[in-house]
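Asks: Please find one structure pasted underneath; my questions will follow.
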């Protein structure tokens, strides 16, 4: 089989796992991770003593250890203490916790950048701290942190290739299997890199569109 034939025949075999595993895994992990990040950021800002210490410990551990190690601990390590987790949930847990640790610091900085006067205005009209955070502060903080959060999302798409190490048949694992049969590692690894590039480029365009929309809305105000 020629190199051109290998590329043509392998493309759908790589793209389908990307659509069935890589993209859904990325979206699910990012949404859960963002929810974790919001909670962790709020806990630290409001200085809730015991939980603040836990959140700082969580952020310190997950920012200070490799994602690969986190995946291995959750999937291969936890069964030693009787906690069995399937590959896909294990990957989602690891990716979500990792995203949550990084995104929480992004959101914390964004929340702190919102003028204090807005918080005072919310309190003056009878809102509680929680209501002002939910209705006024968090929406603004997310807008401020959109570029950084999109960068985290784009990085997460590439990080999902690590899921191959815990038996998930996403794009990279399928590529490895095809390489084992065709003995064309250079061509196939370039091809899967190209597919990742397509996904990330589409997200970059989406990021630019969202940023332009947001800046248009600001000008309209």
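The values are calculated or read from the model by the stated rules, or taken from the named source; none is laboratory data. As the structure is a computational prediction, the values presented were derived from the model and not from experiment. Cβ coordinates were reconstructed from backbone atoms using ideal geometry, including for glycine residues, and neighbour counts include every protein chain displayed.
Asks: Kindly provide the set of residues from region 177-192 that are within 19 Å of residue 68 (Cβ to Cβ) and loosely packed, with under 15 Cβ neighbours inside 10 Å, ordered by number.
Replies: First, the residues of region 177-192 that are within 19 Å of residue 68 (Cβ to Cβ): 189, 192.
189 - this is the single residue of region 177-192 that is within 19 Å of residue 68 (Cβ to Cβ) and loosely packed, with under 15 Cβ neighbours inside 10 Å.
Asks: Of the conditions (1) more than 16 Å from the chain's Cα centre (by Cα); (2) without any contact (Cβ under 8 Å) to a residue 40 or more places away in the chain; (3) exposed (fewer than 13 other Cβ atoms within 10 Å of the Cβ); (4) part of a helix (DSSP H, G or I), residue 89 fails just one. Which one is it?
Replies: Among (1) more than 16 Å from the chain's Cα centre (by Cα); (2) without any contact (Cβ under 8 Å) to a residue 40 or more places away in the chain; (3) exposed (fewer than 13 other Cβ atoms within 10 Å of the Cβ); (4) part of a helix (DSSP H, G or I), residue 89 violates only (1).
Listed here are the residues, each with its yes/no results for (1) modelled with pLDDT of 95 or more; (2) within 18 Å of the chain's Cα centre (by Cα); (3) part of a helix (DSSP H, G or I).
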{"site": "53", "(1), (2), (3)": "no, no, yes"}
{"site": "71", "(1), (2), (3)": "yes, yes, yes"}
{"site": "75", "(1), (2), (3)": "yes, no, yes"}
{"site": "84", "(1), (2), (3)": "no, no, no"}
{"site": "93", "(1), (2), (3)": "yes, yes, yes"}
{"site": "97", "(1), (2), (3)": "yes, yes, yes"}
{"site": "100", "(1), (2), (3)": "yes, yes, yes"}
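Asks: Cβ-Cβ below 9 Å, separation at least six or inter-chain, first residue in region 146-175 and at positive phi, second part of a helix (DSSP H, G or I) and surrounded by fewer than 20 Cβ atoms within 10 Å (Cβ to Cβ): which pairs?
Replies: Between residues of region 146-175 that are at positive phi and residues that are part of a helix (DSSP H, G or I) and surrounded by fewer than 20 Cβ atoms within 10 Å (Cβ to Cβ), the close pairs are 167/87; 167/173.
Asks: Checking the condition surrounded by fewer than 16 Cβ atoms within 10 Å (Cβ to Cβ) and in contact with a helix residue (DSSP H, G or I) (Cβ under 7 Å, 6 or more places away or on another chain), which residue from 97, 123, 130 passes?
Replies: Exactly one residue qualifies, and that residue is 123.
Asks: May I pose another question? Consider region 1-38. How many of its residues are in a helix (DSSP H, G or I), more than 14 Å from the chain's Cα centre (by Cα), in contact (Cβ under 8 Å) with a residue 60 or more places away in the chain and over 17 Å from residue 154 (Cβ atoms)?
Replies: Adding up the residues that qualify gives 10.
Asks: Restricting to region 133-146, and then to whatever is surrounded by 13 or more Cβ atoms within 10 Å (Cβ to Cβ) and within 30 Å of residue 67 (Cα to Cα), can you tell me which residue is farthest from the chain's Cα centre (by Cα)?
Replies: Within region 133-146, the match that is farthest from the chain's Cα centre (by Cα) is 140.
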